[in-house]
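Contents: one structure, followed by commentary.
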Amino acid sequence: MLDAALVVALVIAGVAIVAIMVMAYRMFFSQSLMDNSEDDPWTEPLFNALAIVAVLAFCSWFNLRLIGAPVSLEMNVTGAIVPIFISAYLLVNVRAGWRRYLLAITAVAALGYLATDMGPQGVYIHVGLWILVVAACATLSYLLAKGDLRQALALAYVSASLGMLFGGDVLQLVGYTTYMGVYVIGIGGLMDFVFLSGVVAVALIASAHYLVAFARSHMAARQRA
């Protein structure tokens with residue numbers, strides 16, 4: 001039976017993921033969050049975000065086997081494969097520069113490798129260290145983008161997802177040669193640190209950007225008054 005605190009934490013995490021995906025959807029595929037010209041600008045993004053979360057939650061039950069023996073190596077659909085495909089899409093469609101992408105991915109991979117460790121149940125990372133890595137990723141991506149919000153968001157998602165995937169999962173596997181059994185990359189599915197790293201990094205940049213924009217508009221309104 002699940003502990004009450006764990007249930008509350010899972011509910012909060014689920015609500016946060018939906019909110020972040022609404023923000024990301026409107027950022028990439030709709031108008032600005034500050035645009036209130038439509039009668040109900042949140043209905044479509046909220047519905048799409050809920051649908052995406054439902055599909056990802058379902059897909060998190062499935063793993064793709066890469067190697068069968070002597071160690072069974074698998075990749076979780078939601079925890080690893082989905083972030084890889086999203087990152088590939090952003091790499092092709094958001095021209096932030098290959099050097100910037102490579103620098104950001106390498107930096108996050110190094111931090112991810114240092115912050116993670118291998119245990120009996122696979123790779124684990126302390127929440128505090130994970131937050132620091134994601135925050136560093138978001139900061140670096142914003143600086144590399146030089147004020148271009150769309151590039152900053154793409155850099156943050158790609159570097160956080162692929163960086164944590166390589167540094168936190170793949171490199172840990174390479175160094176753990178005595179492990180025998182089943183190793184699943186992205187085993188946490190919807191709650192895996194690879195999947196969440198990209199989502200949270202995007203949310204940090206978007207939140208900071210719009211908080212600053214709101215503060216500036218509020219100050220400008222007060223000065224005019």
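Based on what the data block shows, is TYR157 farther than 22 Å from MET75 by Cβ, touching a residue at least 60 places away in the same chain (Cβ under 8 Å), touching a helix residue (DSSP H, G or I) at 6+ places or on another chain (Cβ under 8 Å) and not aliphatic (A, V, I, L, M)? Judged against the criteria, TYR157 is not a match.
Of the residues making up region 93-133, those that are under 14 Å from GLN151 (Cβ atoms) and aliphatic (A, V, I, L, M) are VAL94, ALA96, LEU103, ALA104.
This table checks each residue for (1) part of a helix (DSSP H, G or I); (2) at pLDDT below 90; (3) under 14 Å from GLY168 (Cβ atoms); (4) more than 17 Å from the chain's Cα centre (by Cα).
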site: LEU91; (1), (2), (3), (4): yes, no, no, no
site: ALA96; (1), (2), (3), (4): no, yes, no, yes
site: LEU111; (1), (2), (3), (4): yes, no, yes, no
site: TRP130; (1), (2), (3), (4): yes, yes, yes, no
site: ALA135; (1), (2), (3), (4): yes, no, no, no
site: ALA138; (1), (2), (3), (4): yes, no, no, no
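Tell me whether region 26-39 contains one or more residues that are modelled with pLDDT of 85 or more, out of contact with any strand residue (DSSP E or B) (no Cβ under 7 Å at 6 or more places or on another chain) and of a type in the set (Lys, Arg). No, region 26-39 contains no residue that is modelled with pLDDT of 85 or more, out of contact with any strand residue (DSSP E or B) (no Cβ under 7 Å at 6 or more places or on another chain) and of a type in the set (Lys, Arg).
Mind listing whichever residues of region 54-90 are crowded, with 16+ Cβ neighbours inside 10 Å and either small (Gly, Ala, Ser) or touching a helix residue (DSSP H, G or I) at 6+ places or on another chain (Cβ under 6 Å) (or both)? Result: LEU56, CYS59, SER60, MET75, ASN76, VAL77, THR78, GLY79, ALA80, PRO83, SER87, LEU90.
The values are calculated or read from the model by the stated rules, or taken from the named source; none is laboratory data. In this text, all values refer to a predicted model and were calculated from it rather than measured experimentally. Neighbour counts are summed over all protein chains in view; Cβ atoms, including those assigned to glycine, are modelled from backbone coordinates with ideal geometry.
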